[in-house]
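What follows is calculated from the coordinates using simple rules that are stated; it is not laboratory data. What you see is a predicted model, and the numbers here were worked out from it, not measured in a lab. Using ideal geometry, Cβ is built from the backbone for each residue, glycine included, and neighbour counts are taken over all protein chains shown.
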Amino acid sequence: MATIDTALPASATRTGPQLDSQLHPAGRWVFMALLAGGLLYAGVSILTDTQQVGEQLAIGVFLFLGLALVIALGFEFVNGFHDTANAVATVIYTHAMPAPLAVVWSGFFNFLGVMLSSGAVAYAVVTLLPVDLVLHVGSAAGYAMIFALLLAAVGWNLATWYAGLPNSSSHALIGSILGVGMANQFLSDLPGGTSGVDWGQARKVLAALLVSPLLGFVAAFVLLLVMKRIVPDPALYREPAADRPPPRGIRALLIATCTAVSFAHGGNDGQKGMGLIMLILIGCAPTAYALNRTVPESATPAFVQASADAGRAFRRQAAGETMTPEAARAELTGVLRVRHLQPPRSYAALATLSDDVADRIAGYGSLGKVPAAATPNLRGDMYLVLDAATLVRKDDEARATMTAAELDAVGAYTDRLQEGTRYIPLWVKVAVALALGLGTMVGWRRIVVTVGERIGKTHLTYGMGASAELVAASTILLAERFGLPVSTTHILSSGVAGASVANGAGLQRRTVRNMALAWIMTLPAAMLLSGFLYWAMLTVIHAFGS
């Protein structure tokens with residue numbers, strides 16, 4: 001793939017921003033202190049959480065967990081300087097903010113976006129993984145998958161960053177997940193092999209990744225044309241004056257849009273690492289993290305009642321068929337592999353296992369009192385029931401045969417199950433937020449030059465920057481609302497391209513070609529890389545008899 005020459009053209013020496021200005025030396029010390037403090041906070045939190053539930057981690061397990069977390073947080077760090085450069089390019093190239101201040105500003109709002117995120121995107125990413133991995137994430141194959149997909153995603157991100165290409169971290173991560181899932185399906189005959197990719201969820205995610213850049217281009221194109229009619233001030237649509245900030249109102253608008261994109265990026269992209277970190281924690285320290293032990297004991301009666309209401313709906317669909325808990329687990333595992341219900345057996349399995357889960361939780365009194373030995377099995381059963389019940393709500397036949405009250409009961413039950421299994425501890429959010437926010441302050445120059453100078457044939461104008469970022473922020477926030485992972489990079493760079501065309505500037509073919517190549521190649525390249533790494537790790541594991 002051809003790299004992009006990031007040397008500024010002659011015209012940029014007159015109007016281009018000062019990209020080589022450095023942070024104050026005190027800023028470097030603050031950066032290092034925050035980085036070290038975040039890692040220390042994560043380590044202390046893990047020790048505290050495990051000690052509170054009586055789970056003692058061996059030194060080897062703790063070190064292994066630390067390595068896995070460093071790699072996962074490394075993905076978010078690389079994500080920060082790779083993707084967030086898109087958010088600051090507009091304010092830097094329009095002289096709305098100096099570069100050092102812009103990256104710190106963007107990093108802070110990325111941090112804030114992560115901290116206020118819902119977690120929906122995190123578990124949308126996790127559902128792409130093979131069901132057996134999620135159920136047995138602490139196995140050798142589970143660890144091999146997590147390491148393979150993280151290393152592949154980080155490696156591809158670094159390669160495209162070095163080439164100065166606005167590549168998508170989301171594409172890289174999704175491609176890596178699909179790669180290990182497909183490789184695992186091919187290797188399923190080997191010991192430890194599991195199921196493949198959930199293609200239903202994959203199609204939903206890939207559709208969002210495909211449509212969002214096209215939406216960014218068209219929406220920014222239309223928005224700039226509308227802006228020209230409503231606000232016909234020529235100063236908005238011509239090259240900014242050299243080394244001079246824009247008028248106060250325009251400057252406030254550009255800073256506001258940069259802030260919105262940074263916040264939205266943190267809220268969406270920050271979650272992608274959270275889901276993987278939770279899988280790592282569940283595998284290494286299941287007693288502390290497999291169940292949400294912060295759910296109060298007072299919530300147990302409501303959970304039991306929700307289970308009973310849903311159980312009645314399942315039993316009516318089961319038409320009198322019953323089965324043992326062991327058979328129910330096997331049935332629901334098969335259902336989740338193919339993502340398709342098989343009535344009435346699937347409903348009989350749901351009724352049996354939901355009753356069994358409710359009985360066990362009622363017997364313990366709360367999730368916080370579940371013994372260490374029982375935690376992995378209970379969490380696995382809750383996961384099976386949750387995802388199978390979610391399929392019920394999406395199934396056309398179920399919606400046709402179940403009453404509205406029954407569908408509502410199933411929905412209420414899935415909400416209770418999610419509360420108990422799909423949660424993000426505060427310290428995980430803080431660690432990811434720091435990694436993403438601090439990553440914003442490192443290595444951003446290459447991507448900023450591409451977005452600011454190399455997409456359109458003319459310098460980025462105030463109107464182009466504002467329209468591209470308004471569209472990007474709106475699209476990303478909307479995607480998070482529906483739990484969809486999207487690419488900040490592709491939405492915003494497509495928006496810049498659309499605004500450039502609307503402004504009559506045209507596009508630089510070389511840059512657009514290379515961006516399109518990166519967009520097209522990321523998924524297959526990440527899939528091949530992660531699949532190869534997974535195969536290599538499994539081969540080594542089997543060679544040593546693990």
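List of remarks:
- Rounded to 10°, Cα long-axis angle of helix 99-115 versus longest principal axis of the chain: 20 degrees
- Normalising by residue count, segment 195-240 has a Cα convex hull of 84 Å³ per residue.
- Distribution of pairwise C-alpha distances over the chain, 20 Å bins, in %: 22, 50, 25, 3
- Cα-based shape type of segment 217-270, given that a ≥ b ≥ c are square roots of the gyration tensor eigenvalues and the cut on a/c is 1.5: oblate
- Dipole of the chain, positive direction: furthest Cα of PHE186, GLY113, ALA299, with charges on the beta-carbon: GLY113
- Here the simple spin-label model places points 7 Å from the Cα toward Cβ, and for ALA299 and ARG339 these points are separated by 2.8 nm.
- In this simple spin-label model, placing a label point 7 Å from the Cα along the Cα-to-Cβ direction at both ALA372 and PHE64 gives a separation of 1.6 nm.
- A Cβ-based charge dipole, computed about the Cα centre of segment 293-421 with Lys and Arg at +1 and Asp and Glu at -1, lands at about 200 debye.
- Between GLN201 and ALA319, the contour length at 0.36 nm per residue exceeds the Cα-Cα span by 39.5 nm.
- Cα gyration tensor, segment 371-522 - rounded (a/c under 1.5), prolate or oblate: prolate
- Whole-percent P(r), segment 293-421, all Cα pairs, 10 Å bins from 0: 13, 49, 30, 7, 0.
- Per-residue ellipticity at 222 nm from helix content only, as computed over the chain with -39500 (n - 2.57) for each DSSP H run of at least four residues, stands at -24500 deg cm²/dmol.
- Using alpha-carbon coordinates, inclination of helix 325-338 to the longest axis of the chain, degrees: 30 degrees
- If only the Cβ of Lys and Arg carry +1 and only the Cβ of Asp and Glu carry -1, the dipole of the chain around its Cα centre is close to 1560 debye.
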